[in-house]
Amino acid sequence: MRSRPWARSVAGQVFLWLLAVVVLLAGAGLAALILQARGYATHDAVHRTRAAAVTLAQVPTVVNALDSADPTAVLQPLALDVGEKGGFDYVVIAGPDGTRYAQTAQPELIGKHLIGPYQPALKGPITISFTAPIGRVVESSAPATRPDGSVAGLVQVGYTVAHAGSAVGRQLPVLFLGTAAALAVGTGGAVLVRRRLRRQTHGLGPAEMTRMYEHHDAVLHAVREGVLIVGGEGRVLLANDEARRLLELPPEVEGRPVTELGLDPGLAELLASGRAATDEVHPAEGRLLAVNNRPTAPFGGGPGSVATIRDTTELRALAGQAEAARARLQLIYDAGLRVGTTLDIVRIAQELADVAVPRFADFATVELAEAVLRGDEPLPGTGVAGGPRIRRVAAGGPREDWPFYPVGSQISPLPGTPEATTLGSGRTTLVADLRRAQAWRARDPRTADRILAYGVHSLISTPLNARGLTLGTVSFWRAAQSEPFGKEDVTFAEELISRAAISIDNARRYTRDRRMAEALQRSLLPRGLPEQSALEAAYRYLPALHRVGGDWFDVIPLPGFRVALVVGDVVGHGLHAAATMGRLRTAVLNFAALDLPPDELLARLDELVARLDQGEAGPGEGDVEGQDEDEDEGERAVTGATCLYAIYDPVSGHCAMARAGHPPPVLVRTDGGVEFVDLPAGPPLGVGGLPFETTELQLAPGTLLVLYTDGLVTNRERDLETGLAALRRSLAQARADASPEETCRAVFDALAPPRPSDDIALLVARTQLLAPDQVATWDVPDDFAAVSRIRNACDDQLIAWDLEELTYTTELILSELVTNAIRYGTAPIRVRMLRDTSLVCEVSDASSTAPHLRYADTADEGGRGLFLVAQLAARWGTRYTARGKVIWSEQPLTAPEFQFEAMLL
């Protein structure tokens, strides 16, 4: 009799529940253990038999025994040893025809044929399983192959799955002990729960519990907050007086479902579901109620929930204002993220229009001064009648059939219109009712009537003020059912566009700087290629889309009809990169005038760049007054450059080149072969510390020499290796007889991106050679008597070239140069004359001392030779070679009139 009350108690129910859980868990654990053991046994049998079969098949002794005269003598002891040590049920070794040579389980089967299909195992290891009288057996077979790959035999290993299942029996005692321990713990827990319940009631009897309930009920009905208790079935268990008043509940509400009380559907769903809620707002009979709902089960009660309800009707207006303020703050935050993501003026204006619609206005239009779009400051009188007009550059709205002037229209505000007032005063203009805006309607009555007919009724025109300039206006329009703009909207509109105005002004200044940089870059780059006959050249130059860089190229004529090809790239972008490019290009032209070899020219250029870097990075006492403080320091520093310099001689076809960190040039042979020149890279200019190396090539006539900057082969989507491969492919696909101009066009079409992020320079040159009859060469002995012979040979050559009128001046020039070489130079001495667009005379010797032009006094016997050369020749100079020096002079093919008379003046 005592067991029943105990079983009905909470402690007894807990104990029975724990007992059921423990039994279920023990049964589940036992089942899982058995299933796991089965799976493990099968997997273990497959793994062990397969490993044993493959390993035994690879043993050289097995293969040798299978090929011997008596395989069983060797294989049977080996199979018995493997089966015993591995614990396998049987090990079989057979020949490729299926004849058993070793059998551990039934030795009497040796010499007999294998049972079942064994041929698939000759192609590779396989594993099968089958049921035998001893249980489930796993058998793995593997072929034994000779070193040449042929099959010598077959190895089979069998293992019974039941051998691996003994692990289950070893784990059962652990499972049973765990179950017993869980039952013991559950029993102890039930006893502790019973004692705890007795302590919680403090030993109170029924009377004391009744009085406590009555006291709690009185407090519940006295509070000024509604309390509603709902049972697990969604029925009302208790409602105090305040809840009845706020929800207007019927008198007999206890026991009725909350869904049948005529409450707001959202409130009824919340009370019936029992879900937790904090200060959820629900309407009820014209009130705005804040409801807090909590389930009672987690706190020791039965299924259900308890809700507290309070009237927050007076907070409705404040809540609406707070929500509007929050929405506007969010709009300001979103505008900061979405407006000004680019340096394009029109795009920023469109971003501003898009962010304002529809969260602040139904339509938005942006108008800017024409000068702003070009990057300049607005002209005085912009927007005033008769002054410079403003242009609509962006518009936003829910539909594209808006009634306003289209984007791109020029607008000339009349006096008194909102736009004119805004531009003139620099302050926001509010038109709450457009129907009463007479000046606005008078500007264009037809358009105004169309706008009003569309439903537009309110306007805010706000100036785009930035850094003391009024760049334009932004107009916000409201239509249809939207509330008219008020004074509080004016402040918000100004705050909304303040950051956008700064972004537009930044874009304007960027546009100005870019335009200036492009103009500077265009003025510093060559406007065309000079006339020369050594190369047929063509070029392409494409500046970066957003910021100009420092790429440049040059074709420089050198003495002796030689030509220098230059391609370079200054690190960085902007005005400073363009200016630095101009300085480096000028330096290259000056160094080339000294006729320096490529490696020496790059060494001097490297020293110059290092000095420029040091000057830019020095202290700021020399800063230019008025320079922008926010100018990017990375833009002002040179930080290095790359350059490729090549010299081509059309007389010999010899080409010498060196590079400083620049991409390698490409040669396109006359047979169509394309190759990158194996040219030492060298460090970039400005790094210093390492020498540059010159590579010398012998180029056949018609060879294409392709020079370029890294912008052609690399970009954000293409790395250097991929770009070089694409360049090689485009050159290989070009026609063999294509001109340099056609090659430039083909390469640009294949590699140049539509929106380049870096400048691209491409220079293509086809080599040419002077004809043999354009060159005359004589060796001069170390004897002054040879001067007359050289003069005679020169006369004959000039007559052959039909240049008799140059005979006298050329004789004087060669006489002076050869005499100086014999007197001051070192053998061997050689004279060379070249005829092309001009006449060039060269005298070379092995001495490195160069003559200097000077003015001789009246009493001096010498010192007038080079003076005569300088007067008679159009140009003259000295260049050094690896074996000495060359003194050269250049004359036009037509002798100038009164040349000698001019010398006497």
Q.
How tilted is helix 316-338 with respect to the longest principal axis of the chain? Cα atoms for both, answer in degrees (0 to 90, nearest 10).
A. 30
Q. Relative to the Cα centre, what is the charge dipole magnitude of the chain, using +1 at the beta carbon of each Lys and Arg, -1 at the beta carbon of each Asp and Glu, and rounding to the nearest 20 debye?
A. 5400
Q) If packing is taken as the mean number of other Cβ atoms within 10 Å per residue, what is the order of 344-356, 747-759, highest first? A) 344-356, 747-759
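Subtract the Cα-Cα distance of Asp671 and His43 from 0.36 nm times their separation in residues, and report this length gain in nm to one decimal.
219.5 nm
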**Q.** Full-stretch length increase - Arg735, Arg389 - with 0.36 nm per residue and alpha-carbon distance subtracted
**A.** 119.2 nm
(Q) Please compute the modelled spin-label separation between Gln614 and Val21, points set 7 Å along Cα→Cβ, answer in nm with one decimal. (A) 8.2
Q: Obtain the nm distance between the two label points defined at Leu868 and Ser838 by a simple spin-label model: each point lies 7 Å from its Cα along the Cα-to-C-beta direction.
A: 2.1
Q) Rounded to the nearest 0.05, what FRET efficiency is calculated for Glu488 and Glu370 with R0 set to 30 Å and r the Cβ-Cβ distance? A) 0.35
Q) For the chain, what does -39500 (n - 2.57) per DSSP helix run (n ≥ 4), summed and divided by total residues, give at 222 nm, in deg cm²/dmol to the nearest 500? A) -13000 deg cm²/dmol
Q | Radius 12 Å from Cβ of Leu75, net charge of other residues (Lys, Arg +1; Asp, Glu -1) | A | -2
Q | Amide H contacts of Arg136 (H built 1.01 Å from N, under 5 Å, at least 5 apart or other chain) | A | Val161, Ala162
Q: For segment 321-514, just say rounded, prolate or oblate: build the C-alpha gyration tensor, square-root its eigenvalues into a ≥ b ≥ c, call rounded for a/c under 1.5, and beyond that prolate if a/b exceeds b/c, oblate if not.
A: oblate
**Q.** Shape category assigned to segment 630-780 from the gyration tensor of Cα positions, a/c cut at 1.5
**A.** oblate
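Count neighbours as other Cβ atoms within 10 Å of each site's Cβ, and list the GluC sites (Glu not before Pro) in segment 501-564 that are DSSP loop with at most 11 such neighbours.
Glu531
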Q. If R0 is 35 Å, what FRET efficiency do you get for Ala69 and Ser129 from their C-beta distance, rounded to 0.05?
A. 0.45
Q | Sequence-separation-based contact order of the chain, relative, with Cα cut under 8 Å and 6+ spacing, percent | A | 6
Q.
With unit charges on the beta carbons (Lys and Arg positive, Asp and Glu negative) and the dipole taken about the Cα centre of the chain, which residue among Ala41, Ala268, Pro358 sits farthest to the positive side?
A. Ala268
Q | Identified option (computed log10 I(q)/I(0) by the Debye sum over Cα atoms at q = 0.05, 0.09, 0.11 Å⁻¹; candidates [x] -0.34, -1.09, -1.49; [y] -0.76, -1.01, -1.21; [z] -0.43, -1.14, -1.58) | A | [y]
Q) In nm, to one decimal, how far is the modelled label at Glu84 from the one at Arg446, with both set 7 Å along Cα→Cβ? A) 11.5
**Q.** Whole-Hz ³J(HN,Hα) from phi, Karplus 6.51 cos²θ - 1.76 cosθ + 1.60, for segment 553-564, glycine and proline x
**A.** 8, 7, 10, 10, x, 10, x, x, 6, 6, 9, 9
Q: Starting from the Cα of Asp433, move 7 Å in the Cα-to-Cβ direction to define the label point; list residues of segment 453-487 whose amide nitrogen is under 14 Å from there.
A: 457-459, 484-485
Q: Report, in degrees rounded to the nearest 10, the 0 to 90 angle that the Cα long axis of helix 166-200 makes with the longest principal axis of the chain.
A: 70
**Q.** Selection from Leu612, Thr722, Pro120, by position along the positive dipole direction of the chain (Cβ)
**A.** Pro120
Q. Once the Cβ-Cβ distance between Gln410 and Ala593 is put in as r, and R0 is 45 Å, what FRET efficiency do you end up with, to the nearest 0.05?
A. 0.30
Q) On a 0 to 90 degree scale, rounded to 10, what angle separates helix 598-616 from the longest Cα axis of the chain? A) 60
Q: Compute log10 of I(q)/I(0) for segment 13-167 with the Debye formula, placing one identical point scatterer on every Cα and leaving out solvent, at q = 0.15, 0.21 Å⁻¹, to two decimals.
A: -0.75, -1.28
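Convex hull over the alpha-carbon atoms of segment 324-363: what's its volume per residue in Å³?
Once divided by residue count, the hull of segment 324-363 is 47 Å³.
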Q.
Can you tell me the length gained on complete extension of the stretch Arg294 to Ala222, counting 0.36 nm per residue apart and subtracting the Cα distance?
A. 23.8 nm
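Each reported figure results from applying straightforward, stated rules to the coordinates on display, with no laboratory input. Just so it is clear, the model here is predicted, and its values are computed rather than measured. Neighbour counts are summed over all protein chains in view; Cβ atoms, including those assigned to glycine, are modelled from backbone coordinates with ideal geometry.
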